[in-house]
Structure formats: structure tokens, C-alpha cells
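Here is the structure we will look at.
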Amino acid sequence: LGAIAGLTPIDGNVIVGDGSTWVAESGATARASLGLGSMATQAADAVAITGGVISGIADLAVADGGTGASDAAGARANLGLAIGADVQAHSATLDTWAGVLPSANGQSLVSAVDYAAMRGLLDLEPGTDVQAYSSRLGAIAALTPTDGNLIVGNGTTWVTQSGETARTTLGLGSMATQEAGDVAITGGAITGITDLAVTDGGTGASDAAGARGNLGFTAPILDRTAPGDIGATTPGAGTFTTLSATGIIGTPETTSSTVGVVNIGGLRIHGFRHPTGDTARPDGNNVFIGQLAGNFTMGAEATSTTHASKNTGIGYLVLDRLTTGYGNTAIGDRALRSVTEGVQNTAIGQIALLSLTTGSKNVALGYYAGRYTTGSGENQTTSNSVYIGSSTRASSDGVTNETVIGHTAIGRGSNTVQIGNSSVTDTYISGWLNLPSDTRGIKLDAAGTTTLYSDGSYLVANKGFVNPGTLVEVAKKNKSMVYGHDGTSAYLVYQPYVWGGSAWTATRGCGFGVRAIEQNTGTDCVGVGYYALCNNTGHVCAGLGAFALAGNTGDNSIGFGYQAGRDNTGNNLVALGCFTGGNNIGIHTSLVGFQAGLQNTGTQATGLGFAALTQNTGNNVVALGYRTGRYNDGSDNTFLGSHSANTFAANDSAAKAFAHTAVDPTTDRITIPAHGFGATGSYTNLKFSQGTSPITGLTSGNIYQAKIIDADTIGLNEPDGPNGTTRTIANITAAGTGTGHTFTPQHKYSNVTCVGAYSEPSASNQVTLGSTAVTEVKTSGVILPGGYKAADGSAGISKTIAFKDADNTTHTLVFKDGLLTSHTEA
């Protein structure tokens, strides 16, 4: 009531509850609250209804605009529209008649349902009774029938054309206006007709052979290559009576025995080129003139365009067995007849090089030149040789670079020259005989063991010159005479590049072999072999083998084998084997085996076996076995057994990364800050792994022996070789642009002993027996672990032994002071 009391009684307002209290609403708002429609405000005598539905009311009278009825029949009756009374009922027939318009032409009605039926009743069916209408017929009807004109379509309608124009439209040629009895044909081609008889000016045949037979030609005829090349011919004779002014006779390319061949009696001329080859068609460019010269199968096996090409043969049966050979020239009866695959041979003369089959690049000039070897052997496979003179012969089949000059002269073998036969008594040469070599001259006996030549300064003989007088030393430091004395006579002997006596500045040196101990300055040295001890500066050294101890600077060194101890700088080296001890810088080193100790830097190292101690850097190491101790970096180690300590034990946690910017290709040094790889001046083995792109000169996965330059730098090409020369480990030519490269060192295990094939250490101060494949260690004696006390008398140190028995039970024994203190099983 208080809420109502607080309302203002505005005119027309109504009090309405809003769900919480009472409020005052205007009339319009109150009507909405009461749910009243727009009819509520209309007067009863002025109702206006728009939309909606009116139903359930009394029938609206006709006077009020209604029908006064509740059904259609009643409504029609009330409205005066009763069917059959007030209005005509609907009829389809009346509809038909209603559509007909009356006319004054006597039109009648036809009892038909449609026009089609009507046309049928009246016999006016288009296309059957009457012509259907066509605009094209209309166009024809409109044409004027001019004399001689034809009706022709122009793509749109029908038009008339004269006879001449119509012939063009029909695509008729000038033949269309000719009479069958008076035909004249100029130009064009006639094909697909019955062979034109000879009596009608034809050949009476469909092929060339038949035509030649019908025309009386029994020999091959030449085809002209261009109009006017060949003049008139005489049919039946197979020859030409005249040629054109140019004198040219043309034939097609020779691709068989019946195409492109000129036969003159038994002589044939052709340039055969195989039409297909095997996998390649030959270039051809062959010329063959002579009876049965060449053949028509060469090149069938060609796998290159050069095969069976560029050959020239003139004479009977020349080159008639050729298959793939090329660049051969044969002139003379049966010259080079047997050659099949041989190339670039030249034979001039009857039967010259007749037997040659696969030999190449030979020259023979003369009757039977190069036909035989010594006796009557066939000279078939000789190459790069020359035979000038009738019946010259090779020393044997298959020789190379043999030159034989003179009638019946016989060769002396590969890389020799024979001038004249055995009947020759004197050989004369006008002018100087120039020998271009400083190491070769004249052999003075049949055996060829006595030689005489000039080295550019002196006349040199390999046999001694006996000097019955006082011994004379010929001092020529860089190419000394070697002298000796038999107690009666002195001998001066010179052998090229063999050093001895006081050669160079050394004393008591002796060398045997080309350039042995050349430029040697070490005393009491012996070098045997090509370049043995060459450039050696070490004293009391012996080298046996090519390049043995070449470049050596170490004293008291021995190198036996190819390049054994080459570029060694360590004293007291013993190297036995090819490449053994090469680039060694360690002292007191003994190495035996192929590549044993190659690039060793450790002192007092002993390696025996193929590649044993290769790239070793540790001191006091002994390695015995195939590839044993390779890449070892630890000291005081002993390795016994094939492949023992052969694995690079990568220490991945110590790997260091670097980019291309850290690489100096000029010095082959790499900067890696605080790398921790070792002490300055030492060597260590590092495994290289490539980053994003390569460094030219380094191979990913390879192990390189690097020198520690300082705490931040390593070197791969340092001047630690003989006399300050470079000791090259790797040659970097380009740093590239890559990042993420790494060098990885290995675990350095020292004071280890490994016994057995593939045995590997896993820690320092360790003894390893056998590889991981070992399943049992057996001993007949007692295992004594030992035990000792410290020097000051303190408590002893415990030792432990663990082993498994046959039942796979693990036994652990602990000893102290030499006594067993515990035993556990697991």
C-alpha cells in the first residue's frame, strides 16, 4: 500500500504490478501489459481489419459484399451464376472453336485435334505430300540459270560460278581439260600406276635392277648426283660415252656390295660405311681401290664412330678382313690383308704387314716388309714399330717400339733399332752422331755389358781402366770417381751416381746404386739402392733399399727396406721394412714390419709387426703384432697380440668444436682456445669430424697426429723434419665456410699391459688378458696377487681378484699384506 500511496495519479495511468511492486503505466503500456491487440481501440461502427482470419461468423450477405452462402453452389446461385442455367458449362471443344477466326475465303472447320493431324487429313504432310520450306532452296530458286554456270556453295549459301571458276573450286588441275588421246604432262609426279612399258617410254619395272635388265644394262650403272653431271649414255654397254663439262661421276654412299660401288672389270672402287654399326654407326670416310679391296661387313661390331673409319686401301685384297680397325693405309698386293682391329698402321709394298691382325701404329715399307718374325713366324700383334726394306722381320710377335731398317734385317726386340743385316760390314754416318742422353751411349760388346758414353763433361766407361802406375784419385766432388786397388794395379771406375771415397764432404762413405749417398755429409755411412742415404747428414748410418734413410739426420741409424727411415730425425733408429720408421723423430727406437713406427714421435719405442706403433706418441712402449699399438698416446705400455690396442679410444667429452674462421691454410694451423689436448711442443692423435661443409685437405673420420703449438693452437704441417724441413701431416688448401667441425682426442692410458688379439685397455695401470670375445682364462699355476706395505711401514694395500667358475658363479677374493682376507660369491 505504501508503494501505491507513492504513485502519482497521472491522467489515464493504470496501476500494474511489475512482479516486485506496484507501478503506474500509461494506457498504451497498460494495454500491452493486459495483452490487448489493436482491435481494442476500434469503434464498433468503424472496424478496419487488415490481415488475419475471420471465421465462425454468419454468412456475409450479398448486400454486405459477401455471397450469402456457405458453399460454392449456393454462392453461384445467390450471385446468378448457376452453371447450365445462368452460364455455359466449360467445353474443350468450344475452346477449340473459340480459337478459330472467321474469314471471307470460305474457310471451313476440320475435326482434327492439332495442326499435325489436320495436315494429315488434308494430305499436306511436309516432306511427304509437300516440300518443306528451306531458305537454301529459296536461295537456289533465286539464282539465274546462266549458260555454263554451276551452282556451288560458298560456305553460307548457294551461288553460281562459271566453268573455269568452278574447276578451281573443285581443285581440278590442268589435266582436267586435256583429251585422253592428247595428254601433255609437265612437272609433278606420277605414282601408283602400272609399270610404264618400255614401248611407252618407261622401264617396264618397279625397281632399279628390273629397269636395268629391261633396258639392256647388265653391268652396274652410275647414278648422277646432280642434274647435268653425266652426259648421254649408251644403253646395253653399261659404260658412259661422254661426261658433262665438269667431268663428275656421282654414286650414292656405299652401304652394301650393291650400292655405291664402281666395278671396272674385276677392279672395284668404293668407300664402304656400315649403315648401322653395333651401338654406334662408323663415321666412314674410307677409300678402297682394287680387286676385292676392303669388305662390306666392317663396322658391324662398331661401338664407336671411329671404328671401321678413315681407312685407305689400294691393291688386291688389301684390308679385306677389317672389322673395327681405323686409320689404316695399305698400298700394294695384299698389304695389311689380315688386319682386323689394328689401328693407324701404314703398309706400302706387296704383302707388307700381311700377317698383322690387332697390332697398331706400325709402319712397313717394302716387299714382305714386316710380314714375318724371326724364321717364318707370323707377325700379328706388334705395335709402334717400323720395318723399312724388303723382307725385314720382327724379332718376335708382340714387340713394341722396334725399328728395323735394311734388306732382310731382323729386329732386336722392343725399344731397339736395327740398321742393316748380318752381311753389312761397315756403317757410315756423315756429320756428328749426337747422343742426347747423359746416361746412355755406346755398348761395346755383343753382350752389351761394356758401355761408353759422355756425361757432358767426361767420357765415362762402366769397366775399369787399368793404371799400372801410381794410384791417382780423381777428385770431382759432385760426381766422384770411385777407385780401388788389387795390390798390383789401380783401377779407376766410374758408375753413374754411385758415391764413395771422399765424395762431397763425408769420409769413409760407400754407395751402390743410382744416386746412392748423393750429397751425403755423414761419415762412416753405407747406402745401397736408388737414392739410399741421399741428403743424409747422420753419422754411422746404413741404408739398404730405394730411398732408405734418404734425408736422415739421426746418428747411428739403420734402415733396411723401401723408404725405411726416410726423413728420420731420431738417433739410434733401427727400421726394417718398407716405409718403416718414416718421419720418425723419437730416439732409441727399434721398428720391424711394413709401416711399423711410421710417424712415431715416442722415445725408446719398440714395434714389431705390420703397422705396429704407427702414429705412436708415447714413450717406453713395446708393441708386438699386426697393427698393434696404433695411435697410442700413453707411455710405459706393453701390447702383445694382433690388433692389440688398435682402437682409437675417443674421449668425446674432451672434443673441441671450431669453425672455418679458426683455420689458417697458409700455416696449416688451427686455433682452438683452451683446447686441452696436451703440453706445448708435444704430439697427440686427434680424430677429425667435418661440420656443415668440408675443409679441403682434411677428411672426416681420419686420425691426424697434431703438434701442440700452444694452449690455443695445434699444427698439422710443422718444420720438425730433417734440417728444418716440413713434417707434413696434412696439407690444408682451403678453409671453406663450414662450422661445427670437431677434433676429438682419445683417452691416454699409461702403464698398461694388453695381451691377446684385439685386447684393449680401459684404464691406466691395468693389465688386460684377451679381448671381449675371451670366455675363459686358464692357468696351471697359482695366481699370486702380491701385496706390499708402504716404505714408511704403514698398513698394507688391499688387492682384489674376481673370477667366474664353470657354474658362472663370480668369486671375489680380497688380499691384504699377501693374505686372503675375504671371499664372496655372487
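A compact table of results
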quantity: Filtered residue count, the stretch 358-371, keeping only those that are surrounded by 20 or more Cβ atoms within 10 Å (Cβ to Cβ) and either touching a Lys or Arg at 6+ places or on another chain (Cβ under 6 Å) or in a loop (DSSP other than H, G, I, E, B) (or both); calculated: 8
quantity: Residue identified as within 15 Å of Thr601 (Cβ to Cβ), among the basic types (Lys, Arg) and touching a Ser or Thr at 6+ places or on another chain (Cβ under 6 Å) among Arg630, Arg669; calculated: Arg630
quantity: Restricting the stretch 578-596 to residues that are among the small types (Gly, Ala, Ser) and closer than 17 Å to Asp555 by Cα, the residue that is surrounded by the most Cβ atoms within 10 Å (Cβ to Cβ); calculated: Gly581
quantity: Tally of residues being free of Cβ contacts under 8 Å to residues at least 24 places away in the same chain and either within 21 Å of Arg337 (Cα to Cα) or not in a loop (DSSP other than H, G, I, E, B) (or both) across the stretch 409-433; calculated: 4
quantity: Condition met for Asp438 (modelled with pLDDT under 95, in a loop (DSSP other than H, G, I, E, B) and acidic (Asp, Glu)); calculated: yes
quantity: Which numbered condition His407 fails, given (1) over 25 Å from Tyr372 (Cβ atoms); (2) at pLDDT 70 or above; calculated: (1)
quantity: Residue match in the stretch 40-62 (condition: closer than 17 Å to Asn13 by Cα and among the β-branched types (Val, Ile, Thr)); calculated: yes
quantity: Criterion violated by Phe658 - all others in (1) closer than 20 Å to Ala734 by Cα; (2) out of contact with any His (no Cβ under 6 Å at 6 or more places or on another chain) satisfied; calculated: (2)
quantity: Which listed residue, of Arg334, Arg321, is of a type in the set (Lys, Arg), in contact with a Leu (Cβ under 7 Å, 6 or more places away or on another chain), in a loop (DSSP other than H, G, I, E, B) and surrounded by fewer than 24 Cβ atoms within 10 Å (Cβ to Cβ); calculated: Arg334
quantity: Some residue of the stretch 7-18 being part of a helix (DSSP H, G or I) and exposed (fewer than 12 other Cβ atoms within 10 Å of the Cβ); calculated: no
quantity: Close pairs from the stretch 308-337: first within 13 Å of Val287 (Cβ to Cβ), partner among the acidic types (Asp, Glu) and outside any strand (DSSP E or B), Cβ under 6 Å, at least 6 apart; calculated: Ser309/Asp283; Gly315/Asp333
quantity: Number of positions in the stretch 644-670 that are over 19 Å from Ser693 (Cβ atoms) and not in a loop (DSSP other than H, G, I, E, B); calculated: 5
quantity: Members of the stretch 410-437 that are more than 14 Å from Ser385 (Cα to Cα) and in contact with a Ser or Thr (Cβ under 9 Å, 6 or more places away or on another chain); calculated: Gly420, Asn421, Ser422, Ser423, Leu435
quantity: Filter result for the condition that a residue is touching a helix residue (DSSP H, G or I) at 6+ places or on another chain (Cβ under 8 Å), among the hydroxyl-bearing types (Ser, Thr, Tyr), modelled with pLDDT under 95 and more than 15 Å from Gly607 (Cβ to Cβ), over Thr521, Thr537; calculated: Thr537
quantity: Members of the stretch 297-311 that are within 20 Å of Arg334 (Cα to Cα) and surrounded by fewer than 17 Cβ atoms within 10 Å (Cβ to Cβ); calculated: Thr297
quantity: Arg281 being surrounded by 15 or more Cβ atoms within 10 Å (Cβ to Cβ), farther than 21 Å from Ala335 by Cα and not β-branched (Val, Ile, Thr); calculated: yes
quantity: Selection status of Asn311, more than 15 Å from Val343 (Cα to Cα) and touching a Leu at 6+ places or on another chain (Cβ under 7 Å); calculated: no
quantity: Filter result for Tyr367 (in contact (Cβ under 8 Å) with a residue 24 or more places away in the chain, in contact with a Leu (Cβ under 8 Å, 6 or more places away or on another chain), within 27 Å of Thr312 (Cα to Cα) and of a type in the set (Ser, Thr, Tyr)); calculated: no
quantity: Subset of the stretch 734-747 that is closer than 18 Å to Thr614 by Cα and either of a type in the set (A, V, I, L, M) or assigned to a loop (DSSP other than H, G, I, E, B) (or both) - its residue that is nearest to the chain's Cα centre (by Cα); calculated: Pro745
quantity: Candidate set from the stretch 57-69 (those that are assigned to a loop (DSSP other than H, G, I, E, B) and either touching a Lys or Arg at 6+ places or on another chain (Cβ under 7 Å) or exposed (fewer than 10 other Cβ atoms within 10 Å of the Cβ) (or both)); member that is modelled with the highest pLDDT; calculated: Ala58
quantity: Boolean, Tyr387 is outside any loop (DSSP other than H, G, I, E, B) and under 16 Å from Gly411 (Cα atoms); calculated: yes
quantity: All positions within the stretch 532-568 that are within 44 Å of the chain's Cα centre (by Cα) and under 15 Å from Cys510 (Cβ atoms); calculated: Ala532, Cys534, Ala548, Leu549
quantity: Enumeration of residues in the stretch 625-643 that are under 44 Å from the mean Cα position of the chain (by Cα) and either in a strand (DSSP E or B) or touching a residue at least 60 places away in the same chain (Cβ under 8 Å) (or both); calculated: Gly625, Tyr631, Asp633, Gly641, Ser642, His643
quantity: Test: residue in the stretch 37-56 that is surrounded by 13 or more Cβ atoms within 10 Å (Cβ to Cβ) and either hydroxyl-bearing (Ser, Thr, Tyr) or in a loop (DSSP other than H, G, I, E, B) (or both); calculated: no
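Okay, residues lined up against (1) buried (at least 18 other Cβ atoms within 10 Å of the Cβ); (2) of a type in the set (D, E, K, R); (3) at pLDDT below 95; (4) closer than 22 Å to Leu624 by Cα:
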{"site": "Pro694", "(1), (2), (3), (4)": "no, no, no, no"}
{"site": "Asn723", "(1), (2), (3), (4)": "no, no, yes, no"}
{"site": "Thr737", "(1), (2), (3), (4)": "no, no, no, no"}
{"site": "Gly740", "(1), (2), (3), (4)": "no, no, no, no"}
{"site": "Gln746", "(1), (2), (3), (4)": "yes, no, no, yes"}
{"site": "Ile783", "(1), (2), (3), (4)": "no, no, yes, no"}
{"site": "Gly787", "(1), (2), (3), (4)": "no, no, yes, no"}
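For (1) of a type in the set (Val, Ile, Thr); (2) farther than 29 Å from Ala92 by Cβ; (3) out of contact with any strand residue (DSSP E or B) (no Cβ under 8 Å at 6 or more places or on another chain), each residue gets a yes or a no:
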residue	(1), (2), (3)
Ala117	no, no, yes
Ser134	no, yes, yes
Ile151	yes, yes, no
Thr156	yes, yes, yes
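Let's see how each residue does on (1) in a strand (DSSP E or B); (2) within 15 Å of Thr647 (Cα to Cα); (3) touching a strand residue (DSSP E or B) at 6+ places or on another chain (Cβ under 9 Å); (4) β-branched (Val, Ile, Thr):
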site	(1), (2), (3), (4)
Lys687	yes, yes, yes, no
Thr692	no, no, yes, yes
Leu698	no, no, yes, no
Gly701	no, yes, yes, no
Asn723	no, no, no, no
Ile732	no, no, yes, yes
Tyr749	no, yes, no, no
Ser764	no, no, no, no
Val774	no, no, no, yes
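The values are calculated or read from the model by the stated rules, or taken from the named source; none is laboratory data. A quick note: this is a predicted structure, and the numbers were derived from the prediction, not measured. Here Cβ is always computed from backbone atoms with ideal geometry, including for glycine, and neighbour counts include all displayed protein chains.
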